[in-house]
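Read through the structure below, which is laid out as structure tokens, and then see the notes.
The values are calculated or read from the model by the stated rules, or taken from the named source; none is laboratory data. Owing to the predicted nature of the structure, the values given are computational and were not obtained by experimental measurement. Please note: Cβ atoms are built from the backbone with ideal geometry, for glycine as well, and neighbour counts cover all protein chains shown.
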Amino acid sequence: MSLSLSSERPTPPAVAVDGAWLECIDCADSYAPFEAVRYTCDACDGLLEVRYADLPTFDDFDSDATGVWRYADALPLESGVSIQEGATPLYEVPRLEDELGLEALRIKHEGMNPTGSFKDRGMTVGVAVARELGVSRLACASTGNTSAALAAYGSRAGMETLVLLPAGKVAAGKVAQASLHGARILEVDGNFDACLDVVQELAARGEAYLLNSLNPFRLEGQKTIGLEILEAFREDYDAWPDRIVLPVGNAGNTAALYKAFRELVQAGDLDREDVPTLTGVQAEGAAPMVEAIENGADEVRRWADVETRATAIRIGNPVNAPKALPGIRETGGTAVAVSDAEITAAQRDLAGEGIGVEPASAASIAGLRKLREVGAVDADERVACLTTGHLLKDPDAAAAAGAEPEPVPADTDGVLEALTE
Ligand SMILES: *Cc1c(COP(=O)(O)O)cnc(C)c1O
Ligand SMILES: [Zn+2]
């Protein structure tokens with residue numbers, strides 16, 4: 001099984017370039033990394049993964065660089081199209097930690113990336129690979145954040161970008177970003193899964209280079225979230241985290257974190273038993289991964305109709321499920337669904353500790369709370385929750401979850417009077 005946790009080192013195939021190659025997770029066919037545009041296996045259409053002959057340990061990483069490119073030794077390129085992504089804060093939340101009754105709780109706030117979501121970590125690598133391949137037009141389907149990141153990194157690289165969005169289902173901040181960074185925005189009469197079907201077809205016809213998380217190079221950049229969390233826990237607690245909780249949409253991040261762990265195990269830096277438990281959280285109205293985990297299924301059933309206020313995870317057909325399901329299972333993890341009301345409550349909880357996140361991000365805390373309540377998470381655990389996007393991404397959701405502005409007259413006595421009410 002190519003996706004299990006093993007300390008065995010892979011043997012590079014003849015097509016490897018500088019010790020790196022692409023490998024199919026289903027049939028193990030291998031391909032040269034930058035020789036041609038390819039998203040899935042030619043032989044069986046399986047998902048591809050970047051593999052390396054030599055994997056770095058934490059001691060190998062360049063201590064001078066910061067952010068994603070500090071981990072260049074674990075990436076397919078030496079440098080990328082960078083806007084200083086990564087190196088995001090790992091906040092302490094003492095009140096939430098106390099209330100949930102955990103040994104330690106930290107929030108890895110990916111909303112602090114340049115465009116306000118973790119998608120930047122994938123794009124700094126993905127857009128650099130696109131440049132390496134010499135493609136001319138970049139494209140993605142998006143619930144919003146991928147389009148914001150692609151627009152920014154594409155413009156940074158001076159490349160044409162095309163984004164397909166589900167009409168009326170993308171938060172205002174994200175459309176504004178894609179728009180100002182100069183992407184051509186196509187509003188599709190359909191949901192995210194339909195947008196992805198179309199953009200995959202465009203890519204297959206050679207009309208654009210696909211930068212959704214089906215693209216294996218994007219996940220390489222996203223691995224660095226896991227590397228940063230592990231490094232920080234080792235420094236702060238002299239221990240690895242027991243569990244990482246994250247919102248799940250297309251399950252790219254789940255797959256990327258698992259890959260980071262597998263590579264550390266292979267490099268000999270992390271013992272199998274110490275690998276953090278991956279815990280995925282979905283919204284009740286869009287929970288095909290939770291369904292598959294609960295049923296012990298090998299495949300995820302596509303949900304035709306999905307609905308949730310957490311628009312970033314309003315996805316019924318998680319394309320990275322074949323990589324993410326083994327990740328959750330092999331680490332002894334689980335997946336849980338939460339309601340929109342629970343998501344909003346968690347968004348307020350985080351805001352109460354000064355951390356502003358968009359609804360999808362709050363799903364991680366909502367899921368952790370739920371698992372704590374049923375005893376699926378133990379009190380002695382050290383947990384990291386991933387918050388994937390910034391509060392300002394979805395100003396409407398934030399305003400709806402927060403306090404109402406109160407009208408007052410323009411004089412001090414009137415203001416004081418209003419304050420006594
Ligand atoms: C993209 C995104 C997700 C989902 O991540 P996957 O890797 O697709 O599972 C969750 N939250 C936010 C804010 C996102 O932008
Ligand atoms: Zn294959």
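Worth pointing out:
- Test: residue in segment 316-329 that is more than 16 Å from ligand 2 (Cβ to nearest atom), over 22 Å from residue 371 (Cβ atoms) and touching a helix residue (DSSP H, G or I) at 6+ places or on another chain (Cβ under 6 Å): yes
- Residue 344 being outside the structural domain of residue 169 (by TED's automatic domain parsing), surrounded by 21 or more Cβ atoms within 10 Å (Cβ to Cβ) and of a type in the set (Ser, Thr, Tyr): no
- Residue tally, condition more than 16 Å from ligand 1 (Cβ to nearest atom), within 30 Å of residue 148 (Cβ to Cβ) and in contact with a strand residue (DSSP E or B) (Cβ under 6 Å, 6 or more places away or on another chain), over segment 362-421: 2
- Tallying residues that are more than 10 Å from ligand 2 (Cβ to nearest atom) and surrounded by fewer than 18 Cβ atoms within 10 Å (Cβ to Cβ) within segment 35-59 yields 9.
- Residue list for segment 247-261, restricted to those being under 17 Å from residue 51 (Cα atoms) and small (Gly, Ala, Ser): 252, 255, 256, 260
- When we screen 205, 262 for residues that are out of contact with any helix residue (DSSP H, G or I) (no Cβ under 8 Å at 6 or more places or on another chain) and free of Cβ contacts under 8 Å to residues at least 40 places away in the same chain, the only hit is 205.
- Considering (1) polar (S, T, N, Q); (2) part of a helix (DSSP H, G or I); (3) touching an Asp or Glu at 6+ places or on another chain (Cβ under 6 Å), the lone condition that residue 361 does not fulfil carries the number (3).
- The strands (runs of 3 or more DSSP E) located wholly in segment 25-132 that include 3 or more residues which are in contact (Cβ under 8 Å) with a residue 40 or more places away in the chain occupy 48-52, 104-109.
- Members of segment 74-108 found to be over 17 Å from residue 234 (Cα atoms) and either surrounded by fewer than 15 Cβ atoms within 10 Å (Cβ to Cβ) or in contact with a His (Cβ under 8 Å, 6 or more places away or on another chain) (or both), listed by number: 78, 79, 84, 94, 95, 98, 99, 101
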